[in-house]
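Just so you know, all these numbers are worked out from the coordinates, no wet-lab data involved. Note that the structure is predicted; figures quoted are calculated from it, not measured. Here the Cβ positions follow ideal geometry from the backbone for every residue, glycine too, while neighbour counts run over all protein chains shown.
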Ligand SMILES: [Zn+2]
């Protein structure tokens with residue numbers, strides 16, 4: 001391939017990605033607005049008109065910001081590549097007297113820092129404008145800034161050693177460096193799985209054991225019924241930052257934990273909490289978590305092989321903005337290939353998003369069926385409706401937008417499916 005034809009392919013993929021993003025967002029806005037004043041019949045008895053309108057306005061506000069962010073991101077990507085950003089950072093870190101590995105880590109750190117700085121105003125706007133306006137925000141500027149500093153510290157503590165290791169392997173592990181890098185990457189993922197619940201999450205939130213009571217009793221019975229051993233049931237102070245509610249599983253093997261947001265516990269009846277947990281247990285029992293880990297392992301091996309191939313191709317560098325005279329010097333610096341690859345990859349894979357979304361939605365249906373079997377389908381419907389309301393999630397998404405992005409089935413489809421699983425006469 002020639003450098004110029006790769007540039008054309010990159011520009012086509014970038015334009016297509018941006019156009020599809022904007023088109024889907026515009027569709028979602030139009031669809032949600034068209035249904036703003038009519039709660040779907042299946043929900044009319046439980047979701048009042050004001051909540052339905054609030055969800056519509058919230059969805060539109062988030063989509064609009066997302067559209068602006070898509071345009072800015074496309075501009076940043078062009079600035080890094082064709083407008084010479086990486087070429088500049090390559091030159092700036094090329095000076096003598098600095099170890100090759102350090103130069104490349106500096107290059108990657110600069111790319112990450114610039115990307116983070118561009119995302120910052122959007123994050124601020126989302127929290128202090130959109131979440132605030134709809135009454136969800138409970139964080140203060142001080143907490144937000146502290147989170148930012150902690151996030152940066154965690155990113156440096158984990159990212160810098162990983163970058164050193166991968167770059168070192170790229171430089172010195174021979175033609176099959178990508179296999180070694182894959183092993184390192186898998187080990188890193190495993191490390192995060194162990195560190196997240198025990199070290200990282202507690203930096204941001206307080207976790208306390210789930211207090212005794214009706215909810216705890218039901219949960220313990222459910223775990224026993226499903227043959228599950230979790231080493232802990234925890235409540236997280238999610239309300240410190242946001243009114244949104246959630247529950248999740250973390251850890252693996254014997255170190256599994258179940259974490260409930262305090263906002264969720266405050267809102268759901270014990271029977272509904274049990275149903276939500278049964279759904280989460282379904283993901284584990286049906287091996288969704290393992291399947292996902294295997295998929296991501298296969299995918300990352302394929303991507304590393306692709307990177308290894310591209311890193312040896314001069315057109316890859318020249319096609320993404322490295323001046324012809326610098327290409328051979330850039331090829332001696334694995335950090336350049338890594339930075340260009342991580343930046344350019346998403347525009348070539350964006351159109352595959354519907355495949356992974358559909359796969360994820362299938363798992364959601366299976367986990368719902370598991371919950372209907374081991375707890376109450378009616379209680380899960382009741383819990384879901386409260387969660388949709390508390391998160392101001394739209395009940396009327398655009399079907400194409402939903403098929404493209406949504407990891408969970410649209411509310412109406414999901415509730416109808418659960419309704420058909422509920423025992424006759426029971427549930428809702
Ligand atoms: Zn799920």
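Rg over Rh for region 236-317 works out to 1.24, both radii taken from alpha-carbon positions and Rh defined as the Kirkwood radius.
Computed from Cα positions, the angle between helix 353-374 and the longest principal axis of the chain comes to roughly 30 degrees. When the convex hull of its Cα atoms is viewed from all sides, region 223-364 shows a mean projected area of 12.2 nm². In terms of its Cα atoms, region 326-428 spans 73, 27, 22 Å along the principal axes, sorted from long to short.
Length gained on full extension, residue 199 to residue 20, computed as 0.36 nm times the residue gap minus the Cα-Cα distance: 60.5 nm.
Shape class of region 133-178 from the alpha-carbon gyration tensor: prolate, with a/c at 1.5 or above and a/b greater than b/c. Per-residue Cβ neighbour counts within 10 Å put 170, 1 in the sequence 1, 170, beginning with the fewest.
Multiplying the residue separation of residue 289 and residue 400 by 0.36 nm and removing their Cα-Cα distance gives an extension gain of 37.3 nm. Counting beta carbons within 10 Å around each of 130, 355 and listing the fewest first gives the order 355, 130. Values of log10 I(q)/I(0) for the chain across q = 0.06, 0.12 Å⁻¹ run -0.30, -1.19, by the Debye formula with one identical scatterer at each alpha carbon and no solvent. Rounded, prolate or oblate: which one fits region 193-240, using the alpha carbon gyration tensor with axes a ≥ b ≥ c (rounded when a/c is under 1.5, else prolate when a/b beats b/c, else oblate)? Oblate, because a/c is 1.5 or more while a/b does not exceed b/c.
By other beta-carbon atoms within 10 Å, ranking 326, 368, 37 with the fewest at the front produces 37, 326, 368.
Apply the a/c threshold of 1.5 to the C-alpha gyration tensor of region 91-142 and tell me whether it is rounded, prolate or oblate. Prolate.
Look at where the Cα atoms of region 18-64 and of region 220-273 average out, and the two centres are 29 Å apart.
The C-alpha atoms of the chain define a longest principal axis, and helix 334-349 lies at about 50 degrees to it. Across all C-alpha atoms in region 290-368, the radius of gyration and Dmax reach 16.8, 58 Å.
For the chain, the longest principal axis of the alpha carbon atoms and the long axis of helix 214-225 meet at an angle near 70°.
Dividing the summed helix terms, -39500 (n - 2.57) for each DSSP H run of n ≥ 4, by the number of residues in the chain produces a 222 nm estimate of -22500 deg cm²/dmol to the nearest 500.
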